[in-house]
1. Got a number for the accessible area of Leu20? Probe 1.4 Å, square angstrom, nearest 10.
2. So with the 1.4 Å probe, I'd like the accessible area per residue for the stretch 39-84, rounded to whole Å².
3. Quick check: at a probe of 1.4 Å, how many percent of the accessible area of the chain sits on carbon and sulfur atoms?
4. With charges only on Cβ, +1 for K and R and -1 for D and E, what is the dipole size of the chain about its Cα centre, in debye, rounded to 20?
5. Could you calculate the contour length gain from Asp56 to Ala43, that is, 0.36 nm times the residue separation minus the distance between their Cα atoms, to one decimal place in nm?
6. Under a plain spin-label model, where a point goes 7 Å from the Cα along Cα-to-Cβ, how far apart in nm are Gln32 and Asp5?
Amino acid sequence: MSTEDPVIPVFIPALVAMLLRAEKLKGSPLAQDEVIGIRDNAACMMMPASVKAKLDEKRGYADIDPERCWEDWVQFRAETSGGEAGN
């Protein structure tokens, strides 16, 4: 592994999948503290960015960025629910 291929956290299962399931179980949109809590308590593995890219390709989507978890979640919700994120 070279320094040109940084090691990054990868959530297993994908963080976006965990958030979707939590929101479905709750029956309403998740609050910011809930999203952050799910991220902070989720299992992840550290892997080279190149391996994560291959995983994203296999999944068919890129997971949300854990450093921008709330912002990415709000954007994902807006794109997948017709702009109803946060309602």
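The values are calculated or read from the model by the stated rules, or taken from the named source; none is laboratory data. Here the structure is a predicted model, which means the values were calculated and not measured. Glycine gets a Cβ as well: all are built from the backbone with ideal geometry, and neighbour counts include every protein chain shown. For the accessible areas, the whole protein counts, side chains as well, though only heavy atoms, and no ligand, DNA or RNA atoms are used. Shrake-Rupley method; radii C 1.70, N 1.55, O 1.52, S 1.80 Å.
1. Using a 1.4 Å probe on the heavy atoms, I get roughly 80 Å².
2. Values: 3130 Å² over 46 residues.
Ligands and nucleic acids excluded, the figure is 68 Å² per residue.
3. Working: 3120 of 5700 Å².
Roughly 55 percent, rounded to a whole number.
4. Details: 10 positive and 15 negative charges, 79 e Å.
Using Cβ point charges on Lys, Arg, Asp and Glu, the chain gives about 380 debye.
5. On the way: separation 13, 0.36 × 13 = 4.68 nm, distance 1.70 nm.
Taking 0.36 nm per residue and subtracting the Cα distance, the gain is 3.0 nm.
6. 3.7 nm
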